[in-house]
1. Out of (1) at pLDDT below 95; (2) within 16 Å of the ligand (Cβ to nearest atom); (3) in contact with a Gly (Cβ under 7 Å, 6 or more places away or on another chain), the odd one out for VAL386 is which?
2. Quick one: in the range 259-283, of everything that is small (Gly, Ala, Ser) and not in a helix (DSSP H, G or I), which residue is farthest from THR308 (Cα to Cα)?
3. Which count do you get for residues in the range 168-188 that are of a type in the set (D, E, K, R) and touching a residue at least 40 places away in the same chain (Cβ under 8 Å)?
4. Quick one: which strands (runs of 3 or more DSSP E) lie wholly within the range 203-258 and hold at least 1 residues that are out of contact with any Lys or Arg (no Cβ under 9 Å at 6 or more places or on another chain) and at pLDDT below 90?
5. Restricting to the range 164-176, what's the tally of residues that are buried (at least 19 other Cβ atoms within 10 Å of the Cβ) and in contact with a Ser or Thr (Cβ under 9 Å, 6 or more places away or on another chain)?
6. Output yes when any residue across the range 358-367 is modelled with pLDDT of 95 or more, among the hydrophobic types (A, V, I, L, M, F, W, C), within 30 Å of ARG459 (Cβ to Cβ) and more than 16 Å from the ligand (Cβ to nearest atom), and no when none is.
7. What tally of residues in the range 427-463 results from selecting those that are in a helix (DSSP H, G or I), over 30 Å from THR289 (Cβ atoms) and within 16 Å of the ligand (Cβ to nearest atom)?
8. Do the conditions hold for ILE462, that is, is it under 20 Å from the mean Cα position of the chain (by Cα) and among the β-branched types (Val, Ile, Thr)?
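The values are calculated or read from the model by the stated rules, or taken from the named source; none is laboratory data. Since the model is a prediction, treat every value here as computed from it, not as a measurement. Quick reminder, even Gly has a Cβ in these numbers, built from the backbone with ideal geometry, and neighbours come from all protein chains shown.
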Amino acid sequence: MLLAGTSTALSTESLSFNPIKLVLLCGWVYLCFYFVQRVQYSLLVPNKHKTIAKIAALFVGPVLFFVLLIVDIGHQISTERHRSVLEIIKQRLQNAFASRSPLGLIRPGEQSTIKLLDSSGTELKQIYGHGRSRRDDRHILDLTERIIWDALQEQASDILIDPKDNSAYTIRFRVDGVLRAVEQLDAGKCQAVINSIKAVSNMDIAERRRPQDGAFVAQTADGTASFRVASAGVVNGEKLSVRVLSQKAGMYTLNNIGFSDKQQSIIKDAITKPSGMILMCGPTGSGKTTSLYAMLNEIDLYTRNVITVEDPIECVLPNASQIEVNPKADITFAKSLRSILRQDPDVISVGEIRDEETAEIALRASQTGHLVFATIHSYSNESALVRLLDLGVTAVLISSGLDLVISQRLLRRLCTDCSQPAQLTQSQIDDFRRKKIDYKHLFRAGGCERCHETGYRGRTAIFDMLVVDNELKASIVSSDSWITELRKEGDEQGKSNLRKQGLKMVLSGVTSLEELKRVVG
Ligand SMILES: [Zn+2]
């Protein structure tokens, strides 16, 4: 009896089953595999070391994760001396375990919240994926969806994918008007991502040299976003540019776009008139289209027949008819304008004036009972007038058709988490003193996790307005010397007005002197 009891006790001990140990072991193995996969996306591991890092992750799993985290924190401490070590560690750990980690990890389940569809509504998963293995295809589709998802989260306006050399591609996002490298992929994988984007954009995957263009949409829980895609063959491979069309442009009003009270009342005066023309000017990416939408949003779209001609349609305006130009199908701005004038419009919006014909039709329409909005590519109000003259429009037509010219620029806002007191040079201080400007509260860009080390987050607009009143109309028509003067001095005058507006933003701490110089010069 006693003997039997001892033997039972012995065998129980030697074959002891401890569920906690098993769970811990399984957990460890799972984490090892999980981190192998995560190393793949890590921005901290250079491409050439990915294989070694993956093997290391397979054996040491979470240990590698913490090593990378420590390396990353160390790197940040060395670049951001103004922040305390504890602050940086706290923020990095929060990021690692909450949303986006410093290792470029993504939250599980995020990818399932985005769907890429072609113009007919077919999902990317059904279009692409007849390759060697289903597993590889799924990985590429996930990667493509993640890149598009990240671009939307970062509010990027463009995604640029181009070859760095013959073994690697760089993916860059344009955020707040500035390009930033976000990822590097090896050539084979990136070509597959390019192919999947081309497939969903209804482009020919086999054609890698000739320039092509296409479009697709992405559906997320927040709504739908549209993308315009252009590809071209370059040295070492293929370049892809993806334009993100801002659905938010349609949500802006005069109130929230950055116009001062005085500027708002000038615009309201102009847009409540039954006819006339408002011309927005600025270089590419200066936000003219968004301002155009903001003005259109002020118009009662129910009682007035509003027709727009755009290239491309950036967002849908309820109760307005929108036409997209398509030079390949011979639908140009001028042709579309002619046809819409037969549809009895009250308000016409012209995406961009690029030629004499469009300029003439638009200006004539503004004289014959239509309210016309248009944009033109120019650096100031004064040079917009010169540009119209150069296109071949007569001074008489400009003076009788035009009511208001607005130039615009976008300045990046300083990141409120990391902005620093500005360091001014003696000559800058002397200059401020001479102009009796209080320069004590100026800031410059810092750099932190939240602003991706750029020091800026979001943008604000500055405007310069030129009201074409009777006096100005008379000068345009009668004074040749005035036009000569305009050609000589106009551009500098316009820029100096914009600089004054921008300086107000600098003095109130919204942006920095460096940013103002970058944008306005
Ligand atoms: Zn910051």
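1. In the conditions (1) at pLDDT below 95; (2) within 16 Å of the ligand (Cβ to nearest atom); (3) in contact with a Gly (Cβ under 7 Å, 6 or more places away or on another chain), VAL386 misses (2) alone.
2. Taking the range 259-283 as the starting set, the residues that turn out to be small (Gly, Ala, Ser) are 260, 265, 270, 275-276, 282.
Checking which are not in a helix (DSSP H, G or I) leaves us with 260, 275-276, 282.
Working: SER260: 26, SER275: 16, GLY276: 16, GLY282: 19 Å.
Across the range 259-283, the extreme among qualifying residues is SER260.
3. Quick first cut of the range 168-188, residues of a type in the set (D, E, K, R) only: 172, 174, 176, 180, 183, 186.
Then keep just the ones that are touching a residue at least 40 places away in the same chain (Cβ under 8 Å); that gives 176, 180, 183, 186.
So the answer is 4.
4. Numbers: elements: 212-220, 223-234, 237-245.
Where strands (runs of 3 or more DSSP E) fall fully within the range 203-258 and carry at least 1 residues being out of contact with any Lys or Arg (no Cβ under 9 Å at 6 or more places or on another chain) and at pLDDT below 90, they are 223-234.
5. Of the residues in the range 164-176, 4 are buried (at least 19 other Cβ atoms within 10 Å of the Cβ) and in contact with a Ser or Thr (Cβ under 9 Å, 6 or more places away or on another chain).
6. yes
7. Taking the range 427-463 as the starting set, the residues that turn out to be in a helix (DSSP H, G or I) are 427-434, 449-451.
Pick out the ones that are also over 30 Å from THR289 (Cβ atoms) and you get 427-434, 449.
Next, from what is left, pick out any that are within 16 Å of the ligand (Cβ to nearest atom): 449.
Result for the range 427-463: 1.
8. Numbers: under 20 Å from the mean Cα position of the chain (by Cα): yes; among the β-branched types (Val, Ile, Thr): yes.
Judged against the criteria, ILE462 is a match.
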